[in-house]
Structures are given as structure tokens and as C-alpha cells.
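Single-structure report; data block below.
The values are calculated or read from the model by the stated rules, or taken from the named source; none is laboratory data. None of these values were measured; they are calculated from a predicted model. Here Cβ is always computed from backbone atoms with ideal geometry, including for glycine, and neighbour counts include all displayed protein chains. Surface areas here come from the heavy atoms of the whole protein model, side chains and all, with no ligands, DNA or RNA. Shrake-Rupley method; radii C 1.70, N 1.55, O 1.52, S 1.80 Å.
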Amino acid sequence: MLPTQILLNNFLYDLAQITIPTDNVDPIYIRKPQHWDIAIIRNFMLIIGPISSIYDFLTFYFLLHFFHATEVLFHTGWFVESLATQTLVLFVIRTAKAPWTNRPSVPLTVTTIVSVLIGVRLPFSRFAADLGFTPPGGRTSSS
């Protein structure tokens, strides 16, 4: 991605995280004081790290093999995929159990979904060219 796209990606991701303080704490965490468990953090990194890389490689493969992506389309596709996966993973890491067992707060849900929708919409917006994006399939929008 271009430097401005990386900064925009980080900004939108941070925007989604602004409402984390409003989130519903998993009841398992408030029953008794919790201690840091380095093994859990290590295992998380060893599992989620490779999964994230697999998503990136699959994105690269699809962009190059099926879309025959130009450099600009490649940047656009990677921007959207990376924003969506890193932002939506908030729903996974916020609880020790399955993500659907403990609902996130409404503000966290809204800011997360809005951030992803903005990222998906940007390649079709009037700001696309200025940000180095192109809409997939060559469709444009004047909004």
C-alpha cells in the first residue's frame, strides 16, 4: 500500500477502537482478578499471526490470479482486505470464548462496522484517485 493508504488504514482502525471503553466486559474476567498469562499471548500470536498471513496471501492470489490486478487495484484490494480483517478481529479478541457468546457494546459494533464500510466505499468515492484507489471493475461514483 501507499504511505497515505497505510495512514488512512491505521486511522480507520483506530476510529473503530475508540469505543472499546464502552464494551461489555466478558463476565469470566470480572469474577476474580486476572493475571497475565504469557502462554495465552504466545499461543494467540502463534495462531492468529499465521492465519493473518494466510488471508494476506489469499488476497494477493485472488487479486493477481482472478482480477489480474494492476498496481493501483492491488493497493485498493489489499487496503480493503487488511482494514476489514484487522478491524473485525476486534470481535474475536474481546472475549475468551466464542465471539457470539458475549455481545459487544452498541458503540463498538457501530464504529467497527462504520470503519469497514468507509474503507469499502472509498474506492468508489470521489476521493478514490486522490488516495490512490481504483474501484474494482472500473465502476466509479460521483458521491
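Comparing mean-square fluctuations of 75, 35, 65 from a GNM of the chain with C-alpha springs under 10 Å, the top value falls on 35. By the equivalent-ellipsoid construction on the alpha carbon gyration tensor, the chain comes out with semi-axes of 33, 18, 12 Å, ordered largest to smallest. You can think of it this way: the chain between residue 24 and residue 71 has 12.8 nm of extra reach, that is 0.36 nm per residue less the Cα-Cα gap.
So, counting K/R as plus one and D/E as minus one, what does the shell of residues with Cβ under 15 Å around residue 116 add up to? After counting each charged neighbour, the total is -1. For region 43-117, carbon and sulfur atoms together expose 76% of the accessible surface, with a 1.4 angstrom probe and every protein chain in place. Between 64, 12, 90, the GNM of the chain built on Cα springs shorter than 10 angstrom shows 64 fluctuating the most. One Cα centroid belongs to region 82-143, the other to region 1-60; the line between them spans 14 Å.
Accessible surface for the chain, divided over its residues, is 67 Å² per residue with a 1.4 Å probe. The phi torsions of region 2-17, fed into the Karplus equation with coefficients 6.51, -1.76 and 1.60 and a -60° offset, translate into couplings of 6, x, 5, 5, 5, 5, 5, 4, 5, 4, 5, 5, 4, 4, 5, 7 Hz, rounded to whole numbers, with Gly and Pro shown as x.
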